[in-house]
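The values are calculated or read from the model by the stated rules, or taken from the named source; none is laboratory data. Small disclaimer: the values here were computed from a predicted structure and weren't measured. Every residue, glycine among them, receives a Cβ derived from its backbone with ideal geometry; neighbour counts consider all protein chains shown. Accessible surface is based on the protein model in full, side chains and every heavy atom, while ligands, DNA and RNA are left aside. Shrake-Rupley method; radii C 1.70, N 1.55, O 1.52, S 1.80 Å.
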Amino acid sequence: MTLTPKQRAHLRSLAHHLKPVLMVGREGVTESTVSAIEQAFNNRELLKVKVQEAAPLAAREAAVLLTERIAGVEHVQTIGRTVVLYRPDPEEPVIRLP
């Protein structure tokens, strides 16, 4: 699934008020980080991940790693050190994309 620019804009507007759910720290993107994000996607479709300054990689690099390692995840946006990720619920999607 690839998001269109209109869909990305819609998701960005929905993510604006959200707080980061998880922090990527000094150890980078580890298996525990990936499993925590997968667990977070069980409860919501759109989430923010904060990449701390102590992390060994940039926010965009972390976004690429996360989208490669978690099935069905789309990178919506990176602003500074915050990454917005989207994965629709396979059974009952709450977010309707334009």
field: Average accessible surface area per residue within the chain, 1.4 Å rolling probe, Å²
entry: 61
query: Hey, what number do you get for the chain at 222 nm if only DSSP H runs of n ≥ 4 count, each worth -39500 (n - 2.57), divided across all residues, to the nearest 500?
result: -10000 deg cm²/dmol
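Counting DSSP beta bridges with both partners in the chain, what percentage is antiparallel, nearest 5? Numbers along the way, then the final one.
Working: 10 of 14 bridges.
In the chain, DSSP labels about 70 percent of beta bridges as antiparallel.
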Estimated distance in nm for a label pair at Val34 and Thr4, the labels positioned 7 Å out from Cα along Cα-to-Cβ: 3.2
task: Report the extension gain between His16 and Leu57 in nm, rounded to one decimal, defined as 0.36 nm multiplied by the number of residues separating them, less their alpha carbon distance.
output: 12.4 nm
statement: In vacuo Debye sum over C-alpha of the chain, base-10 log of normalised intensity I(q)/I(0) at q = 0.11, 0.12, 0.16, 0.19 Å⁻¹, listed in q order, is -0.28, -0.34, -0.61, -0.87
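Tell me, what % of the accessible area of the chain is carbon and sulfur with a 1.4 angstrom probe? Walk me through the numbers before you get to the answer.
Working: 3010 of 5980 Å².
C and S atoms contribute 50 percent here.
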- prompt: Per-residue HN-Hα couplings for the range 82-98, Karplus 6.51 cos²θ - 1.76 cosθ + 1.60 at θ = phi - 60°, whole Hz, x for Gly and Pro?
  reply: 10, 10, 9, 10, 9, 9, x, 5, x, 9, 9, x, 8, 7, 9, 7, x
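Using a Förster distance of 41 angstrom, determine the FRET efficiency expected from the C-beta separation of Arg26 and Val94, and round it to 0.05. Walk me through the intermediate numbers first.
Numbers: r = 34 Å, r/R0 = 0.82.
After rounding to 0.05, the efficiency reads 0.75.
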